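What follows is one structure encoded as structure tokens, with my remarks underneath.
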């Protein structure tokens with residue numbers, strides 16, 4: 001992605017997060033919604049916004065509601081960002097948070113975690129240290 005596209009993607013991510021934090025009247029859209037990443041094509045025509053939803057049980061229904069409200073979300077972001085042409089927005093569920101939780105649970109449940117022997121640090125006495133004086 002070119003530098004200009006990266007700058008616009010960063011601005012889009014920030015403003016999308018503000019719009020999402022404002023909330024919606026749609027009863028399908030519930031929970032904490034976070035815009036994790038925005039990818040923008042080099043021609044600045046299309047943007048893909050990755051969203052994470054907590055609690056995860058509501059993710060599918062929330063994503064359905066967000067996709068239904070995508071035109072309104074685009075309009076709200078367009079009012080905040082003054083661009084010649086606003087890219088079309090596509091929303092994608094980001095599975096990264098779920099994968100992080102699975103890995104964290106696996107690490108916490110590791111049966112060998114506490115069984116690794118810890119070797120005591122060898123303490124070196126001052127008289128055992130050889131010094132060379134010139």
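Listed values, structure above:
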read-out	value
Segment 1-106 shape via C-alpha gyration tensor axes, a/c threshold 1.5	oblate
Fewest-first sequence of 3, 72 by Cβ atoms within 10 Å of each Cβ	3, 72
Sorted by Cβ density within 10 Å, fewest first, the residues 85, 79, 15, 56	85, 79, 56, 15
Value of relative contact order over segment 3-108, rounded to a whole percent, pairs C-alpha under 8 Å and six or more apart	29 percent
Projected label distance in nm at residue 42 and residue 76, using a 7 Å step from Cα toward the beta-carbon	3.3 nm
Distance (nanometres) between label positions extended 7 Å along Cα→Cβ at residue 21 and residue 95	2.9 nm
Least to most buried among 51, 107, 16, 61 (fewest other Cβ within 10 Å first)	107, 61, 51, 16
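Here, each number is a calculation from the coordinates, and none is a lab measurement. None of the values given here were measured: they were computed from a predicted structure. Positions of Cβ are backbone-derived with ideal geometry, glycine not excepted, and every protein chain shown enters the neighbour counts.
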